[in-house]
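Engineer: Once you've had a glance at the structure underneath, I'll fire off some questions.
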Amino acid sequence: MTTNSTVTMDTIVSLCKRRGFIFQSSEIYGGLGSTWDYGPLGVELKNNVKRAWWKAVVQKREDMVGIDAAILMHPQVWVASGHVAGFSDPLAECKSCNHRFRADHIEGNRCPDCGGELTEPKMFNLMAKTFLGPVEEEAAVVYLRPETAQGIFVNFENIQTTTRKKLPFGVAQVGKAFRNEITPGNFVFRTREFEQMEIEYFVKPGTDEEWHKRWLQDRFNWYPSLGMRAENLRLRQHGSDELAHYAKDCYDVEYLFPMGWSELEGIANRGDFDLRQHAQFSGKELNYFDDEANERYIPYVIEPSAGADRSTLAFLIDAYREEDVQSGGGQTEKRVVLKLHKDLAPIKAAVLPLSRNPQLVPTAKEVHSLLRENTDWMTQYDDAQSIGRRYRRQDEIGTLYCVTIDFDTINDRAVTIRDRDSMEQERVPIDELVAALKQKLG
Ligand code: ATP
C-alpha cells in the first residue's frame, strides 16, 4: 500500500463540495466572495471539532468554565479594547489593475498580480459595522465583534462572583467573529465571517510566563491528540514588530497548509491590558481579591485563541489520503480516504445491504434503527449502486465502520464490520453489534 499524503487546496475544495462538507454561500446567486456554508457532513465535522475542544479545555479541567456572549456589544467595548483605534491592516492598491493587498503580506512595492506600482499603504480598520434600531445614524452604530475575547473580559466580574473561582482560572467561548479582511482566501482559512474558540486564562501577575508555557504545550498537543501529524505542526514565536497592541508575548501554532506554514492558533500573554482598559472606561472595578496573600490586583491573562474553521480545514487536509489498493480483479486502483480521528469523523457507521434485494433490505433497516436508538452517533444507510462504490464513498467522507448485511445474515443473524483504515472485515452477531462498535469507538 503506498500513501500519498500531500494534497492541493483545489482537491479539498472539490471533495468538500462533491460530498457535502462545504458549499459556496448563496451559490445560486453566483456566490458571495470568500463566504462558505457548511453542508450536512461539514456541520457534523465542525461540531465535532468544537465539541472536542470544549471537552479538552472545559469539561476535562477543574479550572475552566464556559460562556456564550452576544455578538453585538456596547460600542465602548471596542474603544476600550483598542480595536477602534488600532485594529487595522496596511492596505496598498495597485495603480494599474486596482487590486488591493495587505502590504505586510507582500515583498517590495510592486503588484503581485500585474507588476504595477502600489500606492503607499494606508491603515484600514477591519471591524464590520452595522446599525441597530430604525434610524441609520452615527449613534446607532454597533460593531460585529472581531473576536470573542472581549465578551469574556466584560463578564469577568459576573463570572467571578457567580462561580467563586479562585485564580488561576479560565473562561472558554466558541462563537462567530467578523473581520473585513483585505484579502480573504484559501477557502475557509481566511474569511470575513468565521468562528473562534477562545480561552482567557486569568493568573496572578508574576506567574504569567509559567502559565503561558503550560498553555503552549497543552494547546500544541491538542492537535496531535486528534490525529493531526506532528510533522505538520510547529510553534513560532512572534517577533517584537508582529506583536498585537495588547500582547506581551505571543506564539502561533502553525500548520503546514498547501500554501505553506500558516497560523492555526495564537497563544498570547496579554498582561493586564484588557481588564485595566475596561476598568478605566467603564468605571467599574475589575480586579481580584487574593485572600491567601491578602491583596487585591488585576489578574494577568493568557489567551489561547483558535479558529474553528481553520482547524476544521487543517484536520480535513491532514486526514486526506490517496492509496493504491488491490481490487477484486487483481488490478490496482486508487482509493481516497479521509483518515479522520474517531472523535471527528462525521459519520461513525454506515449500514449497507449487499444489494437492494428485498430479502436484505428489512434486516438492514432494522440494523440501522438499532444503531440510531442505542447510540448518539451520526449514521447513514445506503443501498444505491455496487457495494464497492459504496465503500469508496464512505471512505471518502471518513466513515469509520461499514456494517454490511449479506445473504448469510438472513440465516445466521450476523453482519460484517469493515474497518475504514485497515479495510479488514470481521463478522459479529447483530445482537452484539452495538457493543462491538462501542468498544471500537471508545
Ligand atoms: P492573521 O495574522 O492570520 O490575520 P490573526 O493573528 O489576526 O490572524 P488572531 O487575532 O490571533 O488572528 O485570531 C485567532 C484565531 O482566529 C486565528 O489563529 C485563526 O484561527 C482565527 N482567525 C482569525 N482571523 C480569521 C479569518 N479571517 N478567517 C478564519 N479564521 C480566522
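The values are calculated or read from the model by the stated rules, or taken from the named source; none is laboratory data. These numbers come from a predicted model, not from an experiment. Neighbour counts run over all protein chains shown; Cβ positions are idealised from the backbone, glycine included. When the accessible area is computed, the model is the full protein with side chains, heavy atoms only, and any ligands, DNA or RNA have been set aside. Shrake-Rupley method; radii C 1.70, N 1.55, O 1.52, S 1.80 Å.
Rundown of residues vs (1) over 20 Å from PHE21 (Cα atoms); (2) polar (S, T, N, Q); (3) modelled with pLDDT under 95, yes/no style:
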residue	(1), (2), (3)
SER305	yes, yes, no
SER311	no, yes, no
ASP318	no, no, no
GLY328	yes, no, yes
HIS341	no, no, no
LYS348	no, no, no
SER369	yes, yes, no
SER386	yes, yes, yes
PHE407	yes, no, no
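Engineer: Select from region 411-432 the residues that are in a helix (DSSP H, G or I) and out of contact with any helix residue (DSSP H, G or I) (no Cβ under 7 Å at 6 or more places or on another chain) and list them in ascending order.
Structural biologist: Across region 411-432, the qualifying residues are ASN411, ASP412, ASP431, GLU432.
Engineer: Next up: Just name the residue that is most open to solvent (accessible area, probe 1.4 Å) out of those in region 104-131 that are in contact (Cβ under 8 Å) with a residue 12 or more places away in the chain and in contact with a Leu (Cβ under 7 Å, 6 or more places away or on another chain).
Structural biologist: LYS122
Engineer: For region 254-278, how many residues are aromatic (Phe, Trp, Tyr), away from the ligand (no atom under 11 Å from the Cβ) and within 18 Å of the chain's Cα centre (by Cα)?
Structural biologist: Of the residues in that region, 2 qualify.
Engineer: Out of all the residues in region 182-197, is one or more closer than 21 Å to HIS278 by Cβ and within 28 Å of the chain's Cα centre (by Cα)?
Structural biologist: Looking through region 182-197, at least one residue is closer than 21 Å to HIS278 by Cβ and within 28 Å of the chain's Cα centre (by Cα).
Engineer: Another one. Return yes when TYR201 is part of a helix (DSSP H, G or I), open to solvent by less than 40 Å² (accessible area, probe 1.4 Å) and of a type outside the set (A, V, I, L, M) and no when it is not.
Structural biologist: no
Engineer: Also: Determine whether ASN232 is without any contact (Cβ under 8 Å) to a residue 40 or more places away in the chain, of a type outside the set (Val, Ile, Thr), at negative phi and away from the ligand (no atom under 13 Å from the Cβ).
Structural biologist: no
Engineer: What number of residues within region 247-256 satisfy the criterion of being crowded, with 21+ Cβ neighbours inside 10 Å and farther than 15 Å from GLU198 by Cα?
Structural biologist: Residues meeting the conditions: 1.
Engineer: Counting only residues that are more than 16 Å from the ligand (Cβ to nearest atom) and open to solvent by 30 Å² or more (accessible area, probe 1.4 Å), which one in region 298-310 is farthest from ARG270 (Cα to Cα)?
Structural biologist: So, considering only residues that are more than 16 Å from the ligand (Cβ to nearest atom) and open to solvent by 30 Å² or more (accessible area, probe 1.4 Å), the one farthest from ARG270 (Cα to Cα) is ILE298.
Engineer: Quick test of your reading of the structure: LYS166 fulfils all but one of (1) within 21 Å of HIS212 (Cβ to Cβ); (2) open to solvent by 10 Å² or more (accessible area, probe 1.4 Å); (3) touching a strand residue (DSSP E or B) at 6+ places or on another chain (Cβ under 7 Å). Name the failing condition by number.
Structural biologist: So LYS166 meets the others, but not (3).
Engineer: So in region 264-290, with the set limited to residues that are buried (at least 19 other Cβ atoms within 10 Å of the Cβ) and among the charged types (D, E, K, R), which one is nearest to ASN221 (Cα to Cα)?
Structural biologist: Once the filter is applied, the top-ranked residue is GLU265.
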